[in-house]
Amino acid sequence: MDKLSPGDNSLSLYVLRSLPEHYFEVVVDAGCGSGRQTMVLASDLGTPIQAIDSYQPFLNRLNRRAKEKGLAHLVRGHCMDMKDIPSVFPTIDLLWAEGAAYNIGFANALATWRRAIKPDGFAVVSELCWLREEIPDAVSEFFRWGYPDMQSGPQNIAIAEQAGYKIFNTYTVPREAWIKDYYDVLESRAKSLVNHPDVGVRNFAVETLKEIEMFKISQDSYGYVFFVLQR
Ligand SMILES: C[S@@+](CC[C@H](N)C(=O)[O-])C[C@H]1O[C@@H](n2cnc3c(N)ncnc32)[C@H](O)[C@@H]1O
């Protein structure tokens, strides 16, 4: 899929342009996937983007996409673990991570990456958060198992402050950005795989449909939030 987490190009661009006027020399896109947001960063900043993912097929897709958009000269793919970013890129001006930090734990990701971010440099990290106190029982049960570390927005702000960042701003990803080109694609694909001969595929399809069902009944009790952080 071209989009591997809830998000939207216009929102990525809006958040990027909300940063103070600044020349970002070293830009890292952590957990870039197939590169939706990488293309936004490259075309708007016009500087090289170090796109990091641990799954080479996503990077292959990112490279194809960059070529198609005439951005290949600005997109550098690296197949590596995002926890190793500080040893490979020790002086970062802007670290971007959409829907990816949770893979190494939000708090751990922020603390790890801070070591590599220049003083006054930025980290823009989106993270799944509880948005309301009233959560439908089925939803809280699903995430108790699916993402037990999920925190509220204020809790994640406290985590970011503890990790040594100033909070520059936060933005909540709108509901439509979960559906368009993401759940609307994923739902039909998952439905077509629920009877797959491989039990692993079947289970993943069923789990995906359950996740989408939770979203439908969530009453906006959770969502993705961009944390715009300054070192
Ligand atoms: C949910 S996807 C989001 C991708 C992309 N940012 C987007 O929004 O379309 C998370 C990405 O993180 C990558 N990933 C997971 N664990 C990783 C790790 N430890 N180091 C680097 N990439 C990782 C996955 O391969 C996947 O591409």
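A few remarks follow.
- Per residue, the chain exposes 49 Å² of accessible surface when a 1.4 Å probe is rolled over the protein heavy atoms with every protein chain present.
- Packing-based order for 38-47, 114-123, using average beta carbon neighbours within 10 Å, highest first: 38-47, 114-123
- Computed per residue of the chain from DSSP H runs no shorter than four, each worth -39500 (n - 2.57), the mean residue ellipticity at 222 nm is -11500 deg cm²/dmol.
- Shown is the FRET efficiency for residue 158 and residue 219, computed with R0 = 30 Å from the Cβ-Cβ distance and rounded to the nearest 0.05: 0.75.
- For residue 67, the lysines whose Cα falls under 25 Å of its own Cα, not counting residues fewer than eight places away in the same chain, are 3, 180.
- On full extension, the segment bounded by residue 203 and residue 1 gains 70.8 nm, given 0.36 nm per residue less the C-alpha separation.
- Selection from 116, 140, 194, by position along the positive dipole direction of the chain (Cβ): 116
- Given 16 as the ceiling on other Cβ atoms within 10 Å, longest exposed-site-free region of the chain for GluC sites (Glu not before Pro) in DSSP loops: 26-132
- Packing-based order for 145-152, 215-222, 82-89, using average beta carbon neighbours within 10 Å, highest first: 82-89, 215-222, 145-152
- Solvent exposure ordering (accessible area, 1.4 Å, most first) of 24, 204: 204, 24
- Of all accessible heavy-atom area on the chain, the percent that carbon and sulfur account for (1.4 Å): 51
- Residue 138 paired with residue 67, simple spin-label distance in nm, labels 7 Å along Cα-to-beta-carbon: 4.5
- Aspartates and glutamates with Cα under 18 Å of residue 118, excluding same-chain neighbours fewer than 8 positions away: 21, 25, 29, 84, 93, 161
- Contour excess over end-to-end distance, with Cα ends at residue 118 and residue 147 and 0.36 nm allotted per residue: 7.3 nm
- Solvent accessible area, Å² - residue 93, 1.4 Å probe, full protein context: 10
The values are calculated or read from the model by the stated rules, or taken from the named source; none is laboratory data. From a predicted model like this one, the values you see are computed outputs, not experimental measurements. Using ideal geometry, Cβ is built from the backbone for each residue, glycine included, and neighbour counts are taken over all protein chains shown. In case anyone asks, the SASA skips ligands and DNA or RNA and just uses the protein heavy atoms, side chains included. Shrake-Rupley method; radii C 1.70, N 1.55, O 1.52, S 1.80 Å.
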